[in-house]
Amino acid sequence: MVDAAGAERVLVITAHPDDVDFGAAGTIATWTDAGIDVTYCIVTDGDAGGFDEDFPRAEIPALRRAEQTAAAKCVGVQDVRFLGYPDGRVEPSLNLRRDLARVIRQVRPDRVVCPSPERNYLRVSASHPDHRAVGSAALDAVYPDARNPFAFPELRETEGLEAWAVREVWISGGPMPDHYVDVTATFARKIAALRAHESQTAHMNDLEDRLRLMLGRAATKAGLPQGHLAESFQVLDTA
């Protein structure tokens, strides 16, 4: 188990709207309850998502931004930023690394949460290509890009953003979790956040049951009492 102590600011980097809520919303709620400032950085607008073929596709980005903003409020997050990359076509490019380094230097977080750059063969849905690309770019942005004052010099010289070193990274959805957060008390808020993504979850009648099963298994691995729920991460020391 990991204590939330030691962090004043957290930056959560995800590929799509709803990724953070499936993977870490319960944990985020425990952090905001503890007084930690949390910012979301969503790389795409989720424009390739949704299940309603009659809904105008041109309106999907605005809809999904609104859903993510509402979901964030369920777990105490007010600062939500979108980079506007195309859904389904994200690559760990230099442009993405620069854009993420920019946000890291703006927010100056102690902790970054990001998806895993590795494929998880036990959970294929966690290994969407966008997730892996964003995870790879986020880790490169943490080290070396954001902390190196000579990387992407325009960030410093033109935008006035000084280098910043992130102390730790929490990887969500990867194949090798080693830390767990008890989210039993915040599970209802996690579900509320997910239900805010109506375009993605309205058809999931068994959403709560599925999550209870998955988080219950994680809690068992963490050694928590029966009936508890946990979210899992791999935590890296990047100081």
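The values are calculated or read from the model by the stated rules, or taken from the named source; none is laboratory data. A quick note: this is a predicted structure, and the numbers were derived from the prediction, not measured. All Cβ positions, even for glycine, are placed from backbone atoms using ideal geometry, and neighbour counts span all protein chains on display.
Taking residues in region 130-153 that are under 16 Å from Val107 (Cβ atoms) and at pLDDT below 95, and partners anywhere that are not acidic (Asp, Glu) and not in a helix (DSSP H, G or I), not one pair has Cβ atoms closer than 6 Å while being at least 6 places apart or on different chains. Which one is surrounded by the fewest Cβ atoms within 10 Å (Cβ to Cβ) among residues in region 207-235 that are among the polar types (S, T, N, Q) and over 21 Å from Ala193 (Cα atoms)? So the residue we want is Gln226. Which residues, taken from region 10-59, are modelled with pLDDT of 95 or more, assigned to a loop (DSSP other than H, G, I, E, B) and not β-branched (Val, Ile, Thr)? Within region 10-59, Ala15, His16, Pro17, Asp18, Ala24, Ala34, Gly35 qualify.
Residues are listed down the side, and each one gets a yes or a no for (1) closer than 17 Å to Leu96 by Cα; (2) in a loop (DSSP other than H, G, I, E, B); (3) among the basic types (Lys, Arg); (4) out of contact with any Ser or Thr (no Cβ under 6 Å at 6 or more places or on another chain):
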site: Cys114; (1), (2), (3), (4): yes, no, no, yes
site: Asn120; (1), (2), (3), (4): no, yes, no, no
site: Ala126; (1), (2), (3), (4): no, no, no, yes
site: Asp140; (1), (2), (3), (4): yes, no, no, yes
site: Leu161; (1), (2), (3), (4): yes, yes, no, yes
site: Val166; (1), (2), (3), (4): no, yes, no, no
site: Val169; (1), (2), (3), (4): no, no, no, no
site: Met176; (1), (2), (3), (4): no, yes, no, yes
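A Cβ distance below 9 Å, combined with a sequence gap of six or more or placement on separate chains, defines the contacts here; from region 216-239, residues that are farther than 23 Å from Glu168 by Cα reach residues that are of a type in the set (Asp, Glu) in the pairs Leu224/Asp182; His228/Asp182; Leu229/Asp182. For region 161-175, check the following and say yes or no: at least one residue is among the basic types (Lys, Arg) and either buried (at least 18 other Cβ atoms within 10 Å of the Cβ) or touching a Cys at 6+ places or on another chain (Cβ under 6 Å) (or both). Within region 161-175 (the criterion being among the basic types (Lys, Arg) and either buried (at least 18 other Cβ atoms within 10 Å of the Cβ) or touching a Cys at 6+ places or on another chain (Cβ under 6 Å) (or both)), the answer is no, since none of the residues qualifies.
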